[in-house]
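Below is one structure, written out as structure tokens; comments come after it.
The values are calculated or read from the model by the stated rules, or taken from the named source; none is laboratory data. Just so you know, these numbers come straight off a predicted model, no measurement behind them. Virtual Cβ from ideal backbone geometry, glycine too; neighbours counted across all protein chains shown.
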């Protein structure tokens with residue numbers, strides 16, 4: 001639902017990946033963003049209207065993305081898709097970070113545009129401490145990009161796991177993702193992403209922003 005730049009981009013990428021895609025938007029002109037090669041369905045209407053959703057094929061859908069420019073419309077459409085039609089994979093784009101967190105805790109996956117952008121900008125300006133990139137619906141577990149004391153570089157990744165209860169999920173190195181193994185050594189410039197318990201985040205930050213204790 002929503003054929004702005006994000007919606008059109010999602011639709012084209014999903015179709016390229018071999019999926020069958022339907023796009024809903026209130027403005028017929030918005031479908032021009034899909035380009036002449038788009039083979040999916042385009043439906044003009046309100047994305048939380050059940051007749052419109054049925055026309056788009058919601059009863060056979062494996063996934064639904066609500067990416068219009070309205071928070072209320074996105075959440076309502078996402079709830080209808082999940083609760084009325086049992087769509088397995090549902091996500092809503094939300095501009096209000098506080099509202100996004102509420103719906104996330106209610107089990108509606110959200111992408112908070114403003115929160116993500118602000119967080120990523122601050123991360124590059126003030127790289128101290130950890131920055132949350134994802135959390136589960138309960139808020140218990142988080143995936144965070146962490147800041148390391150420079151003395152950690154040159155040390156094995158396993159040292160992070162030995163010093164904390166965190167697990168290194170992946171590393172971004174020279175712009176590419178890397179899943180570490182027991183032989184991976186941290187390099188200067190690495191962006192390290194760990195999964196951790198929210199209750200231990202402060203403690204883990206304190207450990208990783210000082211020199212490692214090597215026995």
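For the range 47-73, a residue qualifies if it is modelled with pLDDT of 95 or more and within 13 Å of residue 27 (Cβ to Cβ), but none of them does. Among the residues making up the range 41-56, a single one is touching a helix residue (DSSP H, G or I) at 6+ places or on another chain (Cβ under 9 Å), under 11 Å from residue 21 (Cβ atoms) and surrounded by 17 or more Cβ atoms within 10 Å (Cβ to Cβ): 42.
Residue by residue, here is whether (1) within 17 Å of the chain's Cα centre (by Cα); (2) surrounded by 12 or more Cβ atoms within 10 Å (Cβ to Cβ); (3) over 27 Å from residue 98 (Cα atoms); (4) at pLDDT below 90 holds:
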{"site": "133", "(1), (2), (3), (4)": "yes, yes, no, yes"}
{"site": "138", "(1), (2), (3), (4)": "yes, no, no, yes"}
{"site": "141", "(1), (2), (3), (4)": "yes, yes, no, no"}
{"site": "145", "(1), (2), (3), (4)": "yes, yes, no, yes"}
{"site": "171", "(1), (2), (3), (4)": "yes, yes, yes, no"}
{"site": "184", "(1), (2), (3), (4)": "no, yes, yes, no"}
{"site": "193", "(1), (2), (3), (4)": "yes, yes, no, no"}
{"site": "196", "(1), (2), (3), (4)": "yes, yes, no, no"}
{"site": "200", "(1), (2), (3), (4)": "no, yes, no, no"}
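For the range 187-201, does any single residue satisfy the condition of being in the same structural domain as residue 135 (by TED's automatic domain parsing) and at positive phi? Within the range 187-201, one or more residues are in the same structural domain as residue 135 (by TED's automatic domain parsing) and at positive phi. Restricted to the range 138-197, the set of strands (runs of 3 or more DSSP E) holding at least 1 residues that are touching a helix residue (DSSP H, G or I) at 6+ places or on another chain (Cβ under 8 Å) comprises 141-146, 167-173, 191-197. Restricting to the range 114-131, and then to whatever is in contact with a strand residue (DSSP E or B) (Cβ under 6 Å, 6 or more places away or on another chain) and not in a strand (DSSP E or B), can you tell me which residue is modelled with the highest pLDDT? Taking the candidates together, the pick is 130.
If you go through the range 57-95 and pick out every residue that is within 15 Å of residue 6 (Cβ to Cβ), free of Cβ contacts under 8 Å to residues at least 24 places away in the same chain and surrounded by fewer than 19 Cβ atoms within 10 Å (Cβ to Cβ), you end up with 1. Among the criteria (1) at pLDDT 90 or above; (2) assigned to a helix (DSSP H, G or I), the one residue 98 does not fulfil is (1). Only strands (runs of 3 or more DSSP E) whose full extent lies in the range 1-83 are considered here, and the ones with at least 3 residues that are in the same structural domain as residue 96 (by TED's automatic domain parsing) and under 25 Å from residue 100 (Cβ atoms) are 22-25, 63-66.
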